[in-house]
Amino acid sequence: MYINTLLLFTQMNIVLDNIGKRYNFEWIFRKVNFEFTDENNYVILGANGSGKSTLLQTIAGSMIPSEGNIVYKNEISTIQEEGIFRHLSFASPYLELFEEFTLVETIEFQGKFKPFFPSLNTEGIIAITGLEKAKNKQLKYFSSGMKQRVRLAMAVLANTPLLMLDEPTSNLDKNAIDWYQKLIGNYSSNRLIIVASNQIEYEYPFCNKQLVVEDYK
């Protein structure tokens, strides 16, 4: 299949300027100074409960840092925080799906506000997920592994310069992990990818830079 890698913007850099996040009086991380550039792919590392997901969500703009600033830039200008959602796609095992929707409806709904790669249509996306037999089934009847495939496909196949994945192989069996790795391999060009994980063998072999959450406690 020909893959059209034309993105909304071809560059995306993110600068974390002394950011921190706390709940009540407990700091999850603090004084994080780091730059993500589109020349590399990154993994956020840390033990379970260390704050990997919190940091990833803060970078994605779904959480507000308790201190510091985040600067988003493309090759044209600085992107305002309230508009960063247009430039990123995100997948995690805790991300809610519209479970009353079928797979077909899910794809068509997302395509209305976050377009997929131009070379893909609904049937093509369904074929990539490997869930053709379940395309007209409501997502509430999907297994946890099938739902994770949907989350990953919706994120990876979205035409965005920034892709963020939190523990992407959660709930996936060996065959589905192989599918995920192939999906990333086919749709990772010209994108900044940030993964939160501690499963090197499966989830982030393509990442060449790392940020360790425990370094910012």
- Kindly establish whether Ala134 is touching a residue at least 40 places away in the same chain (Cβ under 8 Å), touching a Phe, Trp or Tyr at 6+ places or on another chain (Cβ under 7 Å) and either more than 17 Å from Pro93 (Cα to Cα) or surrounded by 22 or more Cβ atoms within 10 Å (Cβ to Cβ) (or both). no
- Inspect all residues belonging to the range 89-104 and state whether any of them is in contact with a strand residue (DSSP E or B) (Cβ under 7 Å, 6 or more places away or on another chain), among the charged types (D, E, K, R) and buried (at least 18 other Cβ atoms within 10 Å of the Cβ). no
- Failed item in (1) at pLDDT 95 or above; (2) closer than 26 Å to Arg151 by Cβ; (3) surrounded by 15 or more Cβ atoms within 10 Å (Cβ to Cβ); (4) not aromatic (Phe, Trp, Tyr), with Ile79 passing the rest: (1)
- For the range 12-27, indicate whether the set of residues that are at pLDDT below 95, out of contact with any Pro (no Cβ under 6 Å at 6 or more places or on another chain) and among the small types (Gly, Ala, Ser) is non-empty. no
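The values are calculated or read from the model by the stated rules, or taken from the named source; none is laboratory data. Being a predicted model, the structure only gives us computed values, none of them experimental. Neighbour counts run over all protein chains shown; Cβ positions are idealised from the backbone, glycine included.
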